Amino acid sequence: MTLSVFRAVAVALCAALLAAACSSATQQAGAAPATLASPATPVTGPTPGPGIAWGPCAPPSDQDPALQCARLPVPLDWNAPQGRQIELAVMRRQASKPAERLGSMFVNPGGPGQSGVELVAGGGSDFDRWGGGRFDVVGWDPRGTNDSSPVECFTSPEEQARFWAGVSVPATDAESQAYAQRTTDLARRCGEVSGELLDHVSTADTARDLDALRAAVGDPQITYVGLSYGTMIGQTYVNMFPDRVRAVMLDGLIDAVEYTEGAEARTVGDVAHTDEVFARFRELCQQAGPTGCALARGPETVDQRVAALFDRARQGPIPAPTATPRGELTYGDLLVSTFTPLRVPEMWPQFATDLDAAATGDASALETSAQQYQSPEGYRSSVTSSAISCLDGPAQQPVTAWPTVVPEFARSSALWGAVNGWWLWGPCASGWPGRSDDRYAGPWNARTQAPVLLINNRWDPATGIRNAEATQQRLGNAVLLVQDGYGHPTYQDPGACVDAARERYLVDLVTPPPGTVCQPDRPPFPGITPR
């Protein structure tokens, strides 16, 4: 999964990388598409909107006449609907073909904790194309995040900056012990500042909010697109409200059983495929040669050069003279610097150039990338993620067990295991103050009228293909579409085949034949044929 988590790239790159085109998929011989007998018919008359009042958005989104904004009150505690209320920030992009409108398409970018409002503001037109122009595209900031009663752990930005000043991923026992104490201090601060909100930001709470949004826009059944952690929201909704599902499309699958089992299992699952994707990156770089991949130059192989770089970083920091902010690349920073590029194959040539520069003594580009995650705002994003995931699957061991637990994570992935361990497991294991009496932990086998469409890249470093396979086997009615591509989720490796399948499903409720495999439009390095 992600965790997509810390400063996830989904929102920032959505508009640039979502593509809409048509092509045929590679199909099993003799297979036929699965189709509902009576797909939805267009909604006629004015757009319904009971319970939600759409109006102009704040700048700069007010410059786009297709965008409208609203705030929807929902109960803090769904078991006490008349009690304290919180408000959800909501944005919609109106359907580009209003005369053929089918309803609303709800979208979530993942995280946990990424902004659905920002997703619609930056990429709503792309989702509009996915739906053939026939849906209002609706995004919301889930409770506890962004502009929807966000979880806070500090009383001011200055206090937050002081708390995180100089903190980076630990690489020694002494640093690890200090980091463990810091996560304990963080958990205490979050409890003091956010209070009872921390008990009510589970994915089940968000699924109930999503159902309230569905009712508020007047749709009898939901059409939903979830990316990364958004697939967890989708799986939860499907199993809590199976009769209210029209179409659910999930891309970059989280294993729901693993996710809710506990923070330890969740962390291991997050990194299970990372190292093999990094190995694939090096293999394709070698194939591309020095003209297509800077890391392939010289007498040594790409594997040898990368191994030497990591060995050097373990011995001490590498100079980063022009990094922003200025600094040195530590071993922990080197690990963190791989987070974004491994998810975005379009960045692989530049990532190889940055690794090549570090190998020759200038790690400025890698250090700049790492510091984006380890800034106060980056850490704030990680805290938001913890607030949600720690409720959904609490830690089974205390943070004092880090000398045995974190090395186990590193055995699952030398690249991301320890980093994700400290970021994802650490806060949950440090006396996290939130407790949920009604988190949803299964069953996960609900059968919907229309199939749920699952999509996954074969080489996804954050949500491996096995997650999608397990989800397909578990759900009562689901079809898996595999793209033989790279990154997280599939829109990071655009392909006309997947784009065509998306629109056909969302509009006509037609799924690809079982076993369909799509190809992306281009390889991650020029001049190679990696398939």
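The values are calculated or read from the model by the stated rules, or taken from the named source; none is laboratory data. Please read these numbers as outputs of a predicted model, since none were measured by experiment. Cβ: placed from backbone, ideal geometry, glycine included. Neighbour counts: every protein chain shown.
Selection within the stretch 481-517: residues that are buried (at least 24 other Cβ atoms within 10 Å of the Cβ) and assigned to a strand (DSSP E or B). The member of this set that is nearest to the chain's Cα centre (by Cα) is Tyr486.
Scanning the stretch 281-316 for residues that are acidic (Asp, Glu) and part of a helix (DSSP H, G or I) turns up Glu283, Asp303, Asp311. Selection of the stretch 81-96 for residues being surrounded by 15 or more Cβ atoms within 10 Å (Cβ to Cβ) and over 24 Å from the mean Cα position of the chain (by Cα) yields Ile86, Gln94, Ala95, Ser96. So the check is Cβ under 6 Å with 6+ separation or different chains; which pairs have a first residue in the stretch 480-503 that's over 20 Å from Val452 (Cα atoms) and a second one that's small (Gly, Ala, Ser) and surrounded by fewer than 24 Cβ atoms within 10 Å (Cβ to Cβ)? The qualifying pairs are Pro494/Ala19; Ala496/Ala21; Ala496/Ser23.
Tell me which residues, restricted to the stretch 328-372, are of a type in the set (Ser, Thr, Tyr) and in contact with a helix residue (DSSP H, G or I) (Cβ under 6 Å, 6 or more places away or on another chain). Within the stretch 328-372, Tyr331, Ser337, Thr353 qualify. Among the residues that make up the stretch 177-184, is at least one of them modelled with pLDDT of 95 or more, exposed (fewer than 15 other Cβ atoms within 10 Å of the Cβ) and either assigned to a loop (DSSP other than H, G, I, E, B) or among the hydrophobic types (A, V, I, L, M, F, W, C) (or both)? Scanning the stretch 177-184, I find at least one residue that is modelled with pLDDT of 95 or more, exposed (fewer than 15 other Cβ atoms within 10 Å of the Cβ) and either assigned to a loop (DSSP other than H, G, I, E, B) or among the hydrophobic types (A, V, I, L, M, F, W, C) (or both), so the answer is yes.
Conditions tested, residue by residue: (1) within 24 Å of the chain's Cα centre (by Cα); (2) over 25 Å from Pro398 (Cβ atoms); (3) at pLDDT 95 or above.
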{"position": "Ala187", "(1), (2), (3)": "yes, no, yes"}
{"position": "Leu227", "(1), (2), (3)": "yes, yes, yes"}
{"position": "Thr236", "(1), (2), (3)": "yes, yes, yes"}
{"position": "Arg244", "(1), (2), (3)": "no, yes, yes"}
{"position": "Leu250", "(1), (2), (3)": "yes, yes, yes"}
{"position": "Leu253", "(1), (2), (3)": "yes, yes, yes"}
{"position": "Asp270", "(1), (2), (3)": "yes, no, no"}
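Within the bounds of the stretch 141-151, is there any residue that is among the hydrophobic types (A, V, I, L, M, F, W, C) and surrounded by 24 or more Cβ atoms within 10 Å (Cβ to Cβ)? Checking the stretch 141-151: not a single residue is among the hydrophobic types (A, V, I, L, M, F, W, C) and surrounded by 24 or more Cβ atoms within 10 Å (Cβ to Cβ). So, of the residues in the stretch 319-349 that are free of Cβ contacts under 8 Å to residues at least 40 places away in the same chain and hydrophobic (A, V, I, L, M, F, W, C), which turns out to be surrounded by the fewest Cβ atoms within 10 Å (Cβ to Cβ)? Here the residue is Met347.
One residue stands out among those in the stretch 356-369 that are under 20 Å from Arg282 (Cβ atoms) and in contact with a strand residue (DSSP E or B) (Cβ under 7 Å, 6 or more places away or on another chain): the one that is surrounded by the most Cβ atoms within 10 Å (Cβ to Cβ), which is Ala363.
Cβ-Cβ distances below 8 Å connect no pair with a first residue in the stretch 186-200 that is on the phi > 0 side of the Ramachandran plot, a second residue that is of a type in the set (A, V, I, L, M) and outside any helix (DSSP H, G or I), and a separation of six or more residues or different chains. Output yes when any residue across the stretch 122-130 is within 23 Å of Asp251 (Cβ to Cβ), within 14 Å of the chain's Cα centre (by Cα) and in contact (Cβ under 8 Å) with a residue 40 or more places away in the chain, and no when none is. So far as the stretch 122-130 goes, no, none of its residues is within 23 Å of Asp251 (Cβ to Cβ), within 14 Å of the chain's Cα centre (by Cα) and in contact (Cβ under 8 Å) with a residue 40 or more places away in the chain. For the stretch 187-203, the criterion of being of a type in the set (Val, Ile, Thr), in a helix (DSSP H, G or I) and surrounded by fewer than 19 Cβ atoms within 10 Å (Cβ to Cβ) is met by at least one residue. Residues in the stretch 446-480 that are assigned to a helix (DSSP H, G or I) and among the acidic types (Asp, Glu): Glu469 only.
Residues that are of a type in the set (D, E, K, R) and surrounded by fewer than 24 Cβ atoms within 10 Å (Cβ to Cβ) within the stretch 385-429 comprise Glu408, Arg411, listed in sequence order. Tell me which residues, restricted to the stretch 384-401, are within 15 Å of the chain's Cα centre (by Cα) and of a type in the set (A, V, I, L, M). Result: Ile388, single match.
Selection of strands (runs of 3 or more DSSP E) fully inside the stretch 30-142 by the criterion of at least 1 residues being at pLDDT 95 or above and closer than 20 Å to Ser228 by Cβ returns 85-93, 103-108, 135-140.
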